[in-house]
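To keep things clear, I will list the structure first and then write my remarks on it.
Any read-out appearing in this document is the output of simple, stated calculations on the displayed coordinates, not a laboratory observation. Note that the coordinates shown come from a computational prediction; the quantities given were computed from them, not determined experimentally. All Cβ positions, glycine included, derive from the backbone under ideal geometry; neighbour counts span all protein chains shown.
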Amino acid sequence: MHNQNTDIEQAVINFVIWFSGDDNLKITSDMFIVQDLGIDGIDARRFLTVFSKRFNVDISRFPDSEYFHEAINRPRFSLWRIITQGRVYAVHDLKDLQVSDLIRAAEQKILLPA
C-alpha cells in the first residue's frame with residue numbers, strides 16, 4: 001500500500017530536481033532552497049509560481065521577500081555556483097525555506113511563513 005505523504009514527498013523532490021535542470025542532483029528534505037540549491041531572486045519567484053501550479057498550493061500569503069533576495073538572477077549553474085560550491089551566501093539575513101517546507105505545503109495546499 002502506498003503512503004500518500006511519501007508519494008507527495010517524492011513528487012516534490014522530483015520537481016526540485018526537474019527545476020534545477022540537473023538529473024544527478026541528490027535532494028533531501030533538509031536542504032535549503034537558497035543556500036543549498038542556489039535558487040534565489042527571480043528564479044526563486046519563478047520556482048514558487050511553478051511549484052504552486054504543479055501542486056495546487058496557495059502561495060498568496062507567503063512573504064517571498066523575507067526568504068529570497070531581490071533582483072538576483074544568476075544562472076543556476078553559473079561560475080558563481082562553481083566558486084561557492086553551489087552555495088549562495090546571503091548579503092543580508094533571510095529566513096530559511098527548506099524542501100521539507102515545500103513538502104508540507106504540497107500536503108496542506110498552502111505555503112505559509114515559518
Legend entry - For region 98-114, Karplus couplings with θ = phi - 60° (6.51, -1.76, 1.60), whole Hz, Gly/Pro x: 10, 4, 4, 5, 5, 4, 4, 5, 5, 6, 8, 6, 8, 10, 10, x, 6
Inset, instruction - Among Arg45, Arg61, Arg104, rank each residue by its count of other Cβ atoms within 10 Å, from fewest to most, as a rough exposure measure. - result: Arg61, Arg45, Arg104
Inset, instruction - Tabulate in residue order the Karplus-calculated ³J(HN,Hα) for region 6-15, using 6.51 cos²θ - 1.76 cosθ + 1.60 with θ = phi - 60°, rounded to whole Hz; enter x for Gly and Pro. - result: 5, 4, 5, 4, 5, 5, 5, 4, 4, 4
Inset, instruction - Sticking with the crude label model, points 7 Å out along Cα→Cβ, report the distance from Glu66 to Lys95 in nm, one decimal please. - result: 0.3 nm
Legend entry - Neighbour-count order for Ser60, Ser52, fewest beta carbons within 10 angstrom listed first: Ser60, Ser52
Inset, instruction - Using the number of other C-beta atoms within 10 angstrom as an exposure proxy, rank Leu112, Leu37 with the fewest first. - result: Leu112, Leu37
Inset, instruction - Scan around Asp58 for amide H atoms under 5 Å from its own, H built in the peptide plane at 1.01 Å from N, and keep only partners 5 or more places away or cross-chain. - result: Ile110, Leu111
Legend entry - Gln10-Asp30 pseudo-label distance in nm [points 7 Å out on the Cα-to-Cβ vector]: 2.2 nm
